[in-house]
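Data first, discussion second: the structure below is written as structure tokens.
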Amino acid sequence: MAAGKGTRMKSQRPKVLHRLAGRPLLQHVLDSAAGLHAAQTLVITGHGASEVEASLAGLPLQCVRQVPQLGTGHAVQQVLPHLPEGEGTVLILNGDVPLIRQATARALVEACGDRALTLLTVEMADPSGYGRIVRDDTGQVRGIVEHKDATPGQRAIREIYTGIMAAPLAALRRWVTALRNDNAQGEYYLTDIVAMAVAEGTPVRAQRATGETEVKGVNSPQQLAELERSLQAELAAAQMEAGVRLADPARFDLRGTLSCGEDVEIDVGCVFEGRVRVGQRVSIGAHCVIRDAEIGDDVVIHPFTHIEGARVGGGARIGPYARLRPGADLGAEVHIGNFVEVKNSTLGRGAKANHLAYLGDATVGARVNYGAGSITANYDGANKHRTVIEDDVHVGSNCVLVAPLTVGAGATIAGGSTIARPAPAGQLTVARARQLSVPTWKRPVKAKKG
Ligand code: UD1
Ligand code: CA
């Protein structure tokens, strides 16, 4: 179910597209469901349907629209025509309960076994807002009462419905069709089918979830942030379990996958996105943002460095305040210093650009020294061009290398040069105005008044 408006988020974005650990809530739910190999996967969309459906493009599932959105029972009514006649088990997941574990969902389906209505429940320290599980004196489930419809006595119940159930298909069809909306919110509550099942004598089971985190719903920015912290704590714990030394697990964010070799140290405030692979004995300074990158062994990344879509060779030193953009491919022992930006460029072994520089669309050889303030002028306003800097070149400070350009092996480019034609190997190339001194020159003096 992913059609609700998510009023309490107070956002224009559909609730199920808000992100947890970098991925939409709905995506988390679908990932858990995927492993169950269901005969059919249906996503009920409604509020922001086209946006939600666009986020699902290419996935093996079917979207069914619910317009208008009259409650969770009404949502399930919409999918009935798309389900086969006869027996079966329907697993109902909430698009805003993202961390449901696959094993939990599978156990629910098995407990249903095409005949018992099986609810996933949990004891919550603070159950407010959730539907409460009402049991009789013998402990049998009698029904679910929504928070807004609950009496003070019922509100004291701490066992809540997680929004996840497995139901026998034929019976579900019958119950959902018979739902009414005479309640506090004027909605068709899916949860009302529990009392119907009880009245019919259909077995109703409540299965307890293992912990609160996997069944917490996201209804507000506060709950989203709380769940993010719970999830990040788990992700940090898993990294430490694998031997990664986090300076502070509470200040670590993973929005994708991170695999590290032995003896990796990560200082506070780092964010990892997409797919990041880190070698052995790597040290990552505070407040780095690293996305879709491959970092070799023995690399030191100093604080406040941004790396995206880049590969960093063994023994390299990066930062502080460096920026590696997509296509940066650094060889072993490369040094990239503060305020240096590298984009779509390869740097050979031992090349150095230590201060305030830009390398874009460049092929840089081994041991090149690229001076402070130098840039490749790779864009002519319409097209990008390549700069080739061969092995052992020394580029002085504040040079402009106008691409397309080749600087031959061992060449030296004098500081302050603007180089627009090939610079031959082994020679000094200077391209700046000749220095001139004027011995007869006198400073102007202030004119006297009167
Ligand atoms: C629901 C349950 C409540 C349970 C809680 C767990 C009902 C009536 N209540 O309450 O017992 O404790 O989840 O998190 O089911 N949706 C639709 N169409 C609609 C309305 C909602 O698709 O017309 C979807 C939402 O997008 C969301 C899910 O159903 O993914 C739950 O809706 P929400 O309004 O958040 O229900 P809760 O009030 O949290
Ligand atoms: Ca909810």
Filtering the range 172-193 for residues that are open to solvent by 60 Å² or more (accessible area, probe 1.4 Å) and assigned to a helix (DSSP H, G or I) leaves a count of 2
Every listed condition ((1) polar (S, T, N, Q); (2) within 15 Å of ligand 1 (Cβ to nearest atom); (3) farther than 30 Å from residue 291 by Cβ) holds for residue 89 save (2)
For the range 49-86, the count of residues that are within 16 Å of ligand 2 (Cβ to nearest atom) and without any contact (Cβ under 8 Å) to a residue 40 or more places away in the chain equals 0
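How many of the residues making up the range 96-116 are within 14 Å of ligand 1 (Cβ to nearest atom) and closer than 19 Å to residue 193 by Cβ? Let's see the steps before the verdict.
Within the range 96-116, the subset within 14 Å of ligand 1 (Cβ to nearest atom) is 96-100.
When the remaining residues are screened for being closer than 19 Å to residue 193 by Cβ, the result is 97.
So the answer is 1.
Output the residue which, of all residues in the range 162-171 that are among the small types (Gly, Ala, Ser) and outside any helix (DSSP H, G or I), is farthest from ligand 1 (Cβ to nearest atom). Full working, then the answer.
First, the residues of the range 162-171 that are among the small types (Gly, Ala, Ser): 163, 166-167, 170-171.
Add one more test, that the residue is outside any helix (DSSP H, G or I), and what stays is 163, 166-167.
Working: 163: 3, 166: 15, 167: 13 Å.
Going through the qualifying residues, I end up with 166.
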Residue hits (the range 104-114; more than 15 Å from residue 39 (Cβ to Cβ) and either open to solvent by 60 Å² or more (accessible area, probe 1.4 Å) or over 34 Å from the mean Cα position of the chain (by Cα) (or both)) are 110, 113
Those residues of the range 379-396 which are open to solvent by 10 Å² or more (accessible area, probe 1.4 Å) and not small (Gly, Ala, Ser) amount to 379, 380, 383, 384, 385, 386, 388, 390, 391, 392, 394
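With respect to residue 333, is the statement that it is surrounded by fewer than 23 Cβ atoms within 10 Å (Cβ to Cβ) and closer than 29 Å to residue 20 by Cβ true?
Numbers: surrounded by fewer than 23 Cβ atoms within 10 Å (Cβ to Cβ): yes; closer than 29 Å to residue 20 by Cβ: no.
No; evaluated as a whole, the condition is false for this residue.
Of the residues in the range 115-149, how many are in a loop (DSSP other than H, G, I, E, B) and either surrounded by 14 or more Cβ atoms within 10 Å (Cβ to Cβ) or in contact with a Cys (Cβ under 6 Å, 6 or more places away or on another chain) (or both)?
8
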Considering residues that are within 19 Å of the chain's Cα centre (by Cα) and hydrophobic (A, V, I, L, M, F, W, C), the number found within the range 196-247 is 10
Reported set for the range 194-224 where residues are surrounded by fewer than 17 Cβ atoms within 10 Å (Cβ to Cβ), in a helix (DSSP H, G or I) and more than 16 Å from ligand 2 (Cβ to nearest atom) is 199, 200
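Quick one: would you say residue 371 is touching a strand residue (DSSP E or B) at 6+ places or on another chain (Cβ under 6 Å) and open to solvent by less than 50 Å² (accessible area, probe 1.4 Å)?
Working: touching a strand residue (DSSP E or B) at 6+ places or on another chain (Cβ under 6 Å): yes; open to solvent by less than 50 Å² (accessible area, probe 1.4 Å): yes.
Against the criterion (touching a strand residue (DSSP E or B) at 6+ places or on another chain (Cβ under 6 Å) and open to solvent by less than 50 Å² (accessible area, probe 1.4 Å)), residue 371 qualifies.
Taking the options 412, 418, name whichever one is in contact with a His (Cβ under 7 Å, 6 or more places away or on another chain), hydroxyl-bearing (Ser, Thr, Tyr) and open to solvent by 30 Å² or more (accessible area, probe 1.4 Å).
Numbers: 418 fails: in contact with a His (Cβ under 7 Å, 6 or more places away or on another chain).
Just a single option satisfies the conditions, and that option is 412.
The values are calculated or read from the model by the stated rules, or taken from the named source; none is laboratory data. Nothing here was measured: the structure is a model prediction, and the numbers come from that model. Because the Cβ atoms are built from the backbone with ideal geometry, glycine has one as well, and the counts that use them run over all protein chains shown. The area values use the complete protein model at the heavy-atom level, side chains included, leaving out ligands, DNA and RNA. Shrake-Rupley method; radii C 1.70, N 1.55, O 1.52, S 1.80 Å.
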